[in-house]
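K.L.:
Okay, here's the structure, questions in a sec.
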């Protein structure tokens, strides 16, 4: 818009007003644009400061988290070391704890074979019960310690359930009869894959628990095949387990009701759950109040014929009478206990020695019929070293048995490699005689 001299004054004034309005509008827009940019700049500066503050807070939080992680790592390492120390202590102490108990059991067993009046018989029975309780508690503590260890090793192998049932029947029938209960084992030829030591411990705890909480009727043990799984089943006609208690009974020191007369510390089912979890054996429970309880453990079945089925034997067989047993044991109490059981009860000739050197000197020209050696001898001497040395001198594989209080998988491996059965202390005279008959028969 241009001003012309020929325009009248009022038109020129009007044009100047319009030009002025346009210029003012432009200036206003420029100011608005400038204000918006400035606001954006200020917002950017504020945001940058906020980001820096949050970054510093995040860095501090990360530093605190790292410190906490280091502290947790130290605490965890200390806890794991404490657990390992506990396991090592129990493993080391188990020999000293079980040794006198094992000797006492042998003496007590020999005592029961002597003539006694009624009062002496009662005292002997009470002593046997007390020793049984102590033994069960020690086994439970050691089992839990082993199962809690991260380094536990299992020895999976074929386990004939028929043989397991036979041993359980011999162990628990007297206990069931004392309560007026029927204990039945359904005959089976099933063979499963598991660790034989821990599978027996699982079954022992289930049968023992069933007998404890059954006051009338009985307990039935069997196995039911379902595809590739054999379900080891223990049914009792006892008091049953209320639904609210079916989870807690697998915890330590949990017992049904408040019956203080029921023996035990409430550790059996805790061991069952731990062992089943470690071995990968599923466990199930069904129960009805006052109608009984059924525990089932799933075990992988082994198909085909199994060569290792042991045949039932008579532990009182005359096969042992007059046979020579060379005992290698450094504990005086255990030596005397073995001597009384082997000679007085089983009719064997017992040569008792304290170590490998003495055993070699005692052997003479005629090798013994069987060697019974404790694993832990004096110093670095071991029962396996004694067996190896005696076999080398004899020039043949003399049958042998190793007895130990240490539940060490390495010992079990070495015994298996040498073809030597392994017995755990406290030694049961009936179990010892069974093994001796089996090896010599």
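Residues checked against (1) modelled with pLDDT of 70 or more; (2) surrounded by 10 or more Cβ atoms within 10 Å (Cβ to Cβ):
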residue: 5; (1), (2): no, no
residue: 10; (1), (2): no, no
residue: 24; (1), (2): yes, yes
residue: 31; (1), (2): no, yes
residue: 44; (1), (2): yes, yes
residue: 54; (1), (2): yes, yes
residue: 60; (1), (2): yes, yes
residue: 63; (1), (2): yes, yes
residue: 80; (1), (2): yes, yes
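K.L.:
Restricting to region 384-398, name every residue that is under 33 Å from the mean Cα position of the chain (by Cα), more than 17 Å from residue 436 (Cα to Cα) and surrounded by 17 or more Cβ atoms within 10 Å (Cβ to Cβ).
P.N.:
384, 386
K.L.:
Applying the selection to region 104-119, what residues are in a helix (DSSP H, G or I) and surrounded by 13 or more Cβ atoms within 10 Å (Cβ to Cβ)?
P.N.:
104, 105, 106, 107, 108, 109, 110, 111, 112
K.L.:
Taking the stated definitions as given, is residue 402 assigned to a helix (DSSP H, G or I) and over 25 Å from residue 113 (Cα atoms)?
P.N.:
No; evaluated as a whole, the condition is false for this residue.
K.L.:
Give the residues of region 194-226 that are assigned to a loop (DSSP other than H, G, I, E, B), at pLDDT below 90 and touching a strand residue (DSSP E or B) at 6+ places or on another chain (Cβ under 9 Å), sorted by residue number.
P.N.:
Residues satisfying the conditions are 195, 213, 214.
K.L.:
Here are the criteria: (1) within 23 Å of residue 111 (Cα to Cα); (2) outside any strand (DSSP E or B). Tell me which single one residue 327 does not satisfy.
P.N.:
(2)
K.L.:
Tell me whether region 271-280 contains one or more residues that are at pLDDT below 85 and not in a helix (DSSP H, G or I).
P.N.:
No, every residue in region 271-280 fails to be at pLDDT below 85 and not in a helix (DSSP H, G or I).
K.L.:
Further question: Among the residues of region 372-390, write down those that are without any contact (Cβ under 8 Å) to a residue 12 or more places away in the chain and farther than 20 Å from residue 338 by Cα.
P.N.:
379, 380
K.L.:
Residue 107 is checked against (1) touching a helix residue (DSSP H, G or I) at 6+ places or on another chain (Cβ under 7 Å); (2) modelled with pLDDT under 75 and fails just one. What number does that condition carry?
P.N.:
So residue 107 meets the others, but not (2).
K.L.:
Give 393, 420, 427, 398 a once-over and let me know the one that is modelled with pLDDT of 85 or more and within 21 Å of residue 195 (Cα to Cα).
P.N.:
The match here is 420.
K.L.:
Counting only residues that are touching a residue at least 60 places away in the same chain (Cβ under 8 Å) and surrounded by 20 or more Cβ atoms within 10 Å (Cβ to Cβ), how many does region 349-371 have?
P.N.:
1
K.L.:
Assuming residue 360 fulfils every condition listed in (1) over 18 Å from residue 402 (Cβ atoms); (2) not in a loop (DSSP other than H, G, I, E, B) apart from one, which condition is it?
P.N.:
Of (1) over 18 Å from residue 402 (Cβ atoms); (2) not in a loop (DSSP other than H, G, I, E, B), only one is false for residue 360: (1).
K.L.:
Kindly evaluate residue 185 against the criterion of being over 21 Å from residue 421 (Cα atoms), in contact with a strand residue (DSSP E or B) (Cβ under 7 Å, 6 or more places away or on another chain) and either at pLDDT below 90 or surrounded by fewer than 17 Cβ atoms within 10 Å (Cβ to Cβ) (or both).
P.N.:
It is false that residue 185 is over 21 Å from residue 421 (Cα atoms), in contact with a strand residue (DSSP E or B) (Cβ under 7 Å, 6 or more places away or on another chain) and either at pLDDT below 90 or surrounded by fewer than 17 Cβ atoms within 10 Å (Cβ to Cβ) (or both).
The values are calculated or read from the model by the stated rules, or taken from the named source; none is laboratory data. All figures in this text were calculated on a predicted structure; none of them were measured in a lab. Neighbour counts are summed over all protein chains in view; Cβ atoms, including those assigned to glycine, are modelled from backbone coordinates with ideal geometry.
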